[in-house]
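One structure below.
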Amino acid sequence: MGTLMPLAVGRRRIPTLAALLAALLAALAAAGCGGEAPVAERLPGLPSAGGSSSADPSLAADPATGELLLTWLGGDGAGWHLYFSRSRDRGDHWGPAVRVTADTSEVHPHGEASPRLIAGPGGRLAVVWPRDVPVSTRRWPASAIRIARSLDGGRTWLPPLTINDDTTAAPVGHNFQGAAWAGDSGLVAAWLDERTSARPVGHHHDPSATAQDSTTEADAMVYLAASPDFGATWRANTPVWGGACPCCRIALARGRDGSVVAAWRQHFRGNVRDIVTAPIAPAPGEPVRVHEDGWVYPGCPHNGPGLSVGADGRRHVVWYTGAEGRAGLYYAQAGNTGPAVAVPLVTGKSVLSVHGAVAALSGGDAVAAYDATVEGGRAIAVAWLPAGGEKPRRTAIPGGKGGVYPQIVAAGADLALVAWTADSDGRSEVRLARVALPRARH
């Protein structure tokens, strides 16, 4: 649960979008039929936020305009603030940095629990994050789930609110959150919660199944909170699923019909730690294992899945497993009836714990970003994932060496934006790259 340390990097001339697409066409011509590969180019840095360090980006696309939206943490040595910016030209330029938080006690860098940006209708935006609550008797701080909202497309932000409703009880952990726009104008948030006083409705996990497992960390419970008015008011918190790994982020993703799906790492009998998905809105459903990795681990690996839902309702999932002989990052189009086929993205004897993100594209395609190499180093790469069972096409990201926790968002049918944190020499910097993908063929 450590924090990322900060890096500053020099700037270089950035190719225009036209040049990037020209490079893609050249690559396609050179590769020939069936050999298409993404083409990645580094983008200019973030707009100035008055600090020397930045970390933990989150990306979204405005559902009305398709414009790209970005939040990040900016630090000046004395503390951190949360910032927002918008790009109207697919990442070539960014608007002025808008500060979301009023004081430095709200946020700090933490890749696995970094803020999540949600874009809704009518210029409504929200950011959800955990705020530390120091407790002298705890090894790690307690925490509260916080939300800040904008009603004008990010120009101004309302003061943050606390979502978890046990604020009068003893401080406990509420962390590793996900959030998504739900229905027409709702919002749903979910997180890993340490409360143990209530048994969840529809709880699929029998505590006796894992009670004899020798673990280093107690399981968490997935709690849900729903808002009918995009975060202005919240219904009571609801415990939904138990037996969750306590330090692996839960991911939420919206479908075209307004429904929301969740993905997280589940503790199964025998200390097995595999990924599951389940509907969470408009109503929670029964979790289904994405793939039977059978990874036995006596604690929480601090590595949650990436999730995106396509226009056709397919659940695109990327996840890490440390299963013996098969360690690495995998991708699957998960169903709601049983295990899916796992496609390896990066595997090897020396591969590190890989953090991945995924974005659904038109026609059933997807694009994933991740932060490890088969040689055991840290670097950012992307993989285009064509529909129909074709092999992934991979590309390294310029300037991605040493990067961690990439985030990705589709910027049209043939473009994606990637953001990540790079660290070196005691400083950190959020970096951006645009990836031109083979044009949709569907």
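We did not get these values from a lab; they are worked out from the coordinates using the rules stated. None of these values were measured; they are calculated from a predicted model. Using ideal geometry, Cβ is built from the backbone for each residue, glycine included, and neighbour counts are taken over all protein chains shown.
Data for the structure
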quantity	calculated
Candidates D257, D414, D371: whichever shows maximal mean-square fluctuation once the chain is modelled as a Gaussian network with Cα springs under 10 Å	D257
Dipole axis of the chain (+1 Lys, Arg; -1 Asp, Glu on Cβ), positive-most option in A102, F176, L161	A102
Taking T156, T196 and counting other C-beta atoms within 10 Å, the order from fewest to most	T156, T196
Exposure proxy order (Cβ contacts within 10 Å, fewest to most) of F176, F268, F230, F84	F268, F230, F84, F176
The chain: C-alpha gyration tensor shape, a/c 1.5 cut-off, then a/b vs b/c	rounded
For Y297, Y331, order by how many other beta-carbon atoms lie within 10 Å, fewest first	Y297, Y331
Cβ charges +1 (Lys, Arg) and -1 (Asp, Glu), total dipole of region 224-287, debye	200
Burial ranking of peptide ranges 375-386, 240-251, 343-354 (average Cβ count within 10 Å, highest at the top)	240-251, 375-386, 343-354
Fluctuation leader among S58, S136, S87 - the chain, Gaussian network, Cα springs under 10 angstrom	S136
Hz values of 3J(HN,Hα) by residue in region 388-403 - Karplus curve (6.51, -1.76, 1.60), Gly and Pro given as x	x, x, 5, 5, x, 10, 9, 9, 6, 8, x, x, x, 4, x, x
Counted charge near I163, where neighbours are those whose Cβ lies closer than 13 Å (Asp, Glu -1; Lys, Arg +1)	+2
